[in-house]
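Undergrad: Below you'll find the structure I mean.
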Amino acid sequence: MPSINLPSASPAPHRRTGVYPVLAAVTLAAASLAAHAQTDEATARKAAEELRVLVSESTGVIGDLQPAINSRKTTREQVAPDALVEQFKGRYQKATGSALDLKAAGLIGDMRRAYLQSYTNVVTRYQANLTKGGQDAFVPAFFRAQAIGDFNKAMQGKSQAYATNRDGELINSDWAVAKVMKGSPLAGDVSRLMATGGLDPVVKRSGNMVMGYYPMKLGAACVTCHAQNGLKQKEGTFGGALVAQIPVK
């Protein structure tokens with residue numbers, strides 16, 4: 001699975017009414033972010049790409065487990081936090097050609113450490129869902145929302161991640177751009193890019209931010225699941241976007 005080929009951006013359970021409240025910590029005020037502007041543009045662009053890999057490869061671990069989770073065929077050993085961390089590290093190394101270096105200095109090192117801790121926290125917190133399983137007991141989009149929320153809290157404005165989709169294709173309205181990116185200076189850019197339905201990533205500077213915009217393609221399992229909730233979609237088409245926001249000097 002290509003690292004940008006993620007499921008759509010709606011957290012479980014897949015219901016249009018959205019029983020999970022929006023994670024308020026996902027969005028920080030623009031002024032707070034600007035206060036952390038201490039990264040040069042070149043580093044920020046690398047950090048945006050790093051965030052894409054971290055989120056997409058960790059989400060891929062949960063995607064790989066979906067058949068076993070949905071059919072209640074996971075084992076405690078298979079979904080133990082240590083086992084899932086090793087799977088994540090393996091996917092990261094395959095995607096980048098390098099091991100996940102947790103001793104790296106600077107912003108990228110901080111991001112790796114914060115994201116790995118967030119990943120570990122989430123898969124530990126939801127061990128009951130992972131081991132018991134059942135249809136949609138723990139879907140990739142829900143995992144991603146939780147991991148991003150924890151990561152953003154840990155980074156305290158030095159970097160920010162969002163997963164969002166177009167209003168007409170939301171399973172959970174809490175994940176509309178207007179809610180997820182409230183207060184972000186990049187919200188308008190993201191809305192305009194999503195409106196095109198294009199699948200090419202966009203990395204650019206916008207004001208005192210570097211934006212990494214990474215469209216997510218719909219997988220077959222996503223299309224099937226979303227169809228149960230009234231959305232008619234096609235595999236391989238636009239399914240939302242992962243956005244990295246890095247304040248710069």
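Undergrad: Scan the stretch 130-157 for residues that are in contact with a strand residue (DSSP E or B) (Cβ under 8 Å, 6 or more places away or on another chain) and either surrounded by 22 or more Cβ atoms within 10 Å (Cβ to Cβ) or modelled with pLDDT of 95 or more (or both) and jot them down.
TA: Once the filter is applied, which keeps residues that are in contact with a strand residue (DSSP E or B) (Cβ under 8 Å, 6 or more places away or on another chain) and either surrounded by 22 or more Cβ atoms within 10 Å (Cβ to Cβ) or modelled with pLDDT of 95 or more (or both), the stretch 130-157 yields A141, R144, A145, I148, F151, N152.
Undergrad: Counting only residues that are surrounded by fewer than 23 Cβ atoms within 10 Å (Cβ to Cβ), touching a residue at least 40 places away in the same chain (Cβ under 8 Å) and under 20 Å from the mean Cα position of the chain (by Cα), which one in the stretch 97-115 is farthest from Q66 (Cα to Cα)?
TA: Within the stretch 97-115, the subset surrounded by fewer than 23 Cβ atoms within 10 Å (Cβ to Cβ) is 97-110, 112-114.
With touching a residue at least 40 places away in the same chain (Cβ under 8 Å) added as a condition, the list becomes 106-108, 110, 112, 114.
Within this subset, residues satisfying the condition of being under 20 Å from the mean Cα position of the chain (by Cα) are 107-108, 110, 112, 114.
Values: L107: 32, I108: 30, D110: 30, R112: 25, A114: 25 Å.
The selected residue is L107.
Undergrad: Something else now. G157: closer than 30 Å to A195 by Cβ and part of a loop (DSSP other than H, G, I, E, B), yes or no?
TA: So G157 passes the test.
Undergrad: Can you pull out every residue in the stretch 61-89 that is surrounded by fewer than 17 Cβ atoms within 10 Å (Cβ to Cβ), under 20 Å from the mean Cα position of the chain (by Cα) and closer than 23 Å to C222 by Cβ?
TA: D64
Undergrad: Can you find a residue in the stretch 22-38 that is assigned to a helix (DSSP H, G or I) and at pLDDT 50 or above? Outline the logic, then answer.
TA: The initial filter retains those residues of the stretch 22-38 that are assigned to a helix (DSSP H, G or I), namely 24-26, 30-34.
Okay, now just the ones that are also at pLDDT 50 or above, so none.
The answer is no, given that none of the residues of the stretch 22-38 is assigned to a helix (DSSP H, G or I) and at pLDDT 50 or above.
Undergrad: List the helices (runs of 4 or more DSSP H) inside the stretch 174-242, counting only whole elements, that have at least 1 residues being modelled with pLDDT under 80, surrounded by fewer than 20 Cβ atoms within 10 Å (Cβ to Cβ) and not acidic (D, E).
TA: By residue number, 220-227.
The values are calculated or read from the model by the stated rules, or taken from the named source; none is laboratory data. Keep in mind that what you see is a predicted model, and the values were worked out from it rather than measured. For neighbour counting, all protein chains shown are included, and Cβ atoms are generated from backbone atoms with ideal geometry for every residue, glycine included.
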